[in-house]
Amino acid sequence: MFNRYNMHEISLYITQIVENFGYFGIFAMMMIESTVLPLPSEIVMIPAGYLCYAGKMNIVLASLCGGLGSLVGSWINYAIAYKFGRGFVIKYGKYFLFPEQKFYKIERFFNKYGAVSTFIGRFLPVVRHFISIPAGLCKMPLKTFAGLTFAGAFLWSLVLVLFGYFIGSNIELFKFYAHLFNAILIASILLFVGYKIYVKR
């Protein structure tokens with residue numbers, strides 16, 4: 001259904017979206033990525049890195065927007081957990097791809113590494129989307145949470161931007177990773193839709 005050419009076209013389309021919406025688009029999409037919605041940060045920040053290579057964006061500004069967007073998105077999860085508590089998260093998390101077993105896994109990770117887990121978690125798939133929830137449940141001081149979250153999110157954004165910048169000089173390599181990350185995007189969307197149907201039934 002999706003061949004290499006189609007994936008490359010999709011990657012160019014995503015890159016065009018990032019370019020059209022500029023730094024605000026990076027901020028908004030990374031904010032969504034840090035909530036519970038299936039939008040991998042790779043499909044946002046790597047195209048931004050390519051645009052930096054093309055001279056259309058600045059590496060530092062793109063990374064800052066990615067970090068700030070992630071911080072705001074994480075604040076939403078933190079605030080919900082802080083205000084409504086553990087029972088609310090366990091009861092309603094399953095409707096947002098955060099079932100009870102996944103909650104316990106993230107909670108164990110947080111308990112093992114403590115406050116610094118909000119920094120470490122920004123570099124780990126799945127964990128980065130939900131690590132702010134146990135931070136809110138434990139009522140971590142907001143300044144500590146914001147500082148660690150932004151530091152981790154900014155560094156992760158910078159890594160992806162630099163990666164996109166590097167592969168921007170090699171069009172074949174760009175096509176290969178475009179194929180890979182767009183496959184991840186499609187799989188994430190299908191998983192989300194399938195899970196919603198499963199929950200509804």
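Laboratory data are not the source of any read-out in this text; all were calculated from the coordinates shown. Note that the structure is a prediction, hence the values are computed from the model and not measured. Every residue, glycine as well, gets a Cβ built from its backbone with ideal geometry; the counts of neighbours run over all protein chains shown.
In this label model, Phe84 and Val60 are separated by 4.0 nm, measuring between points 7 Å along each Cα→Cβ vector.
Counting other Cβ atoms within 10 Å as a rough exposure proxy, the listed residues Thr35, Thr15, Thr144 run Thr144, Thr35, Thr15 from fewest neighbours to most.
Put in line by how crowded their Cβ is, counting other Cβ atoms within 10 Å and starting with the fewest, Phe98, Phe130 read Phe98, Phe130.
What FRET efficiency comes out for the pair Ile17/Val159, r = Cβ-Cβ distance, R0 = 25 Å, nearest 0.05? With a Förster radius of 25 Å, E is 0.70.
The simple spin-label model puts a point 7 Å past each Cα toward its Cβ; for Lys143 and Leu124 those points are separated by 2.8 nm. Using a simple spin-label model with pseudo-atoms 7 Å out from Cα toward Cβ, Lys102 and Val116 lie 2.7 nm apart.
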